[in-house]
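Chemist: Okay, handing you the structure first.
The values are calculated or read from the model by the stated rules, or taken from the named source; none is laboratory data. Quick caveat: nothing in here was measured; it's all calculated off a predicted structure. Don't worry about glycine lacking a Cβ; one is built from the backbone with ideal geometry, like all the others, and counts go over all protein chains shown.
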Amino acid sequence: MACATSIFILRWNELRKQIFANQQRLGVIPQTARLTPWPDDLIKSWDKLSDDEKKLFIRQVDVFAAYVAYADDDIGRVIQAIDDLGRLENTLVIYIEGDNGTSAEGTLIGTPNEIAMFNGANPTVEQQLKYFYDIWGSEKTYNHMSVGWAWAFDTPFSWTKQIVCHFGGTRQGMAISWPAVIKDKGGIRNQFHHVIDVVPTILQAAHIQQPKIVEGIPQKPIVGVSMVYTFDKKNEGAPSTHVTRYFEMMGDRAIYHDGWIASTKVMRVPWDNKTPTANVLDYPWELYDLHNDWTRYEDVAAKNPDKLKELQAMF
């Protein structure tokens, strides 16, 4: 765990700033991007934690780092096996970092058992240190780290898994490799796409039409669009062919359309099992101009009321 320990000397606030700086240095986010603020009203900054909290939370994130390293190594084994077969040059590899933002279901203090947490039975920091610290990450736990780490790992965006109205809950990094076809090695693409676009991409790449019937069962049309056009460097700045996308989960709502995204204000925190008191239809809406605001730093609903109404009606 030496590598994880050296990384997390930064703790979560400083780690977030370092991740953001690395993203800009590598070119995966624009130089004009702004880091969304830390939610001081929801999550303590690191310097306000007790010594016991710091000790527990470092243990939690060390185990998470080990898990990520383990997963990364196994992904590497798959890629190496394809290369050993001599087929990597003409193999399309699509790697998506995850299925949502980092999860906040560990609560503000983490939990040794996620299912127990959902049932309102979460040990205190003191109890976790006494009974679970040494076995954290073993077969004796179904552990989940503190929300502070989840928010930090969703940098540069705000929020986490379950919050579908903000990119911290939905936007993932994706890498596509196909050396025989994609010549722009290391190129960056920022077109808006969704996971439903993966199958159309594979079908076009393989020159296969979607079957209308499979084993006697009529197939519904695929509503995604292919991403193959992005493989060509000349289309680096081409408009996205996925123009509109809506999101909804437990009352949180958002709609993306042609570089704008309207979303409801977050009225429930995902680490709290309580039901919001407000009617979901009364949630206030926010608006972000992704042409000029890559991280969704500034809500421009008040400046663009007509655009907000347009997207609300579209939703």
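Chemist: So which residues in the stretch 298-315 are within 23 Å of Met249 (Cβ to Cβ) and either modelled with pLDDT under 95 or not in a helix (DSSP H, G or I) (or both)?
Modeler: Across the stretch 298-315, the qualifying residues are Asp299, Ala301, Phe315.
Chemist: Please specify each residue of the stretch 37-67 satisfying the condition of being in a loop (DSSP other than H, G, I, E, B) and aliphatic (A, V, I, L, M).
Modeler: Within the stretch 37-67, Leu42, Ile43, Leu49 qualify.
Chemist: Need at least 2 residues that are hydrophobic (A, V, I, L, M, F, W, C) and surrounded by fewer than 16 Cβ atoms within 10 Å (Cβ to Cβ) per element, so show me which helices (runs of 4 or more DSSP H) inside the stretch 84-201 make the cut, counting only ones lying wholly within it.
Modeler: 114-118
Chemist: Among the residues of the stretch 48-59, is any closer than 30 Å to Gln128 by Cα, crowded, with 18+ Cβ neighbours inside 10 Å and among the hydroxyl-bearing types (Ser, Thr, Tyr)?
Modeler: No: zero hits.
Chemist: Which of the following residues is polar (S, T, N, Q) and buried (at least 16 other Cβ atoms within 10 Å of the Cβ): Thr277, Thr295?
Modeler: Residue meeting the stated conditions: Thr295.
Chemist: Let me ask something else about it. How many of the residues in the stretch 170-188 are within 17 Å of the chain's Cα centre (by Cα) and among the basic types (Lys, Arg)?
Modeler: Total satisfying the criteria: 1.
Yes/no matrix, rows are residues, columns are (1) acidic (Asp, Glu); (2) within 20 Å of Trp159 (Cβ to Cβ):
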residue: Ser45; (1), (2): no, yes
residue: Phe64; (1), (2): no, yes
residue: Glu89; (1), (2): yes, no
residue: Thr111; (1), (2): no, yes
residue: Met117; (1), (2): no, yes
residue: Glu126; (1), (2): yes, no
residue: Tyr131; (1), (2): no, no
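Chemist: Restricting attention to the stretch 84-101, report how many residues are of a type in the set (S, T, N, Q) and at pLDDT below 95.
Modeler: Summing the residues that are of a type in the set (S, T, N, Q) and at pLDDT below 95 in the stretch 84-101 gives 1.
Chemist: Moving to a separate point now. Of the residues Arg34, Arg11, Arg25, only one is in a helix (DSSP H, G or I), basic (Lys, Arg) and at pLDDT 95 or above; which?
Modeler: Of the residues listed, the single one that is in a helix (DSSP H, G or I), basic (Lys, Arg) and at pLDDT 95 or above is Arg25.
Chemist: Of the residues that make up the stretch 205-215, is at least one touching a residue at least 60 places away in the same chain (Cβ under 8 Å) and either closer than 30 Å to Gln312 by Cα or surrounded by 12 or more Cβ atoms within 10 Å (Cβ to Cβ) (or both)?
Modeler: Yes, that holds for at least one residue.
Chemist: Would you confirm, using the coordinates I've provided, whether Arg16 is touching a residue at least 12 places away in the same chain (Cβ under 8 Å), surrounded by 16 or more Cβ atoms within 10 Å (Cβ to Cβ) and on the phi > 0 side of the Ramachandran plot?
Modeler: Criteria not met by Arg16.
Chemist: Shifting gears a bit: What strands (runs of 3 or more DSSP E), lying completely within the stretch 218-290, carry at least 1 residues that are small (Gly, Ala, Ser) and within 25 Å of Val28 (Cβ to Cβ)?
Modeler: Those strands (runs of 3 or more DSSP E) span 252-257, 260-264.
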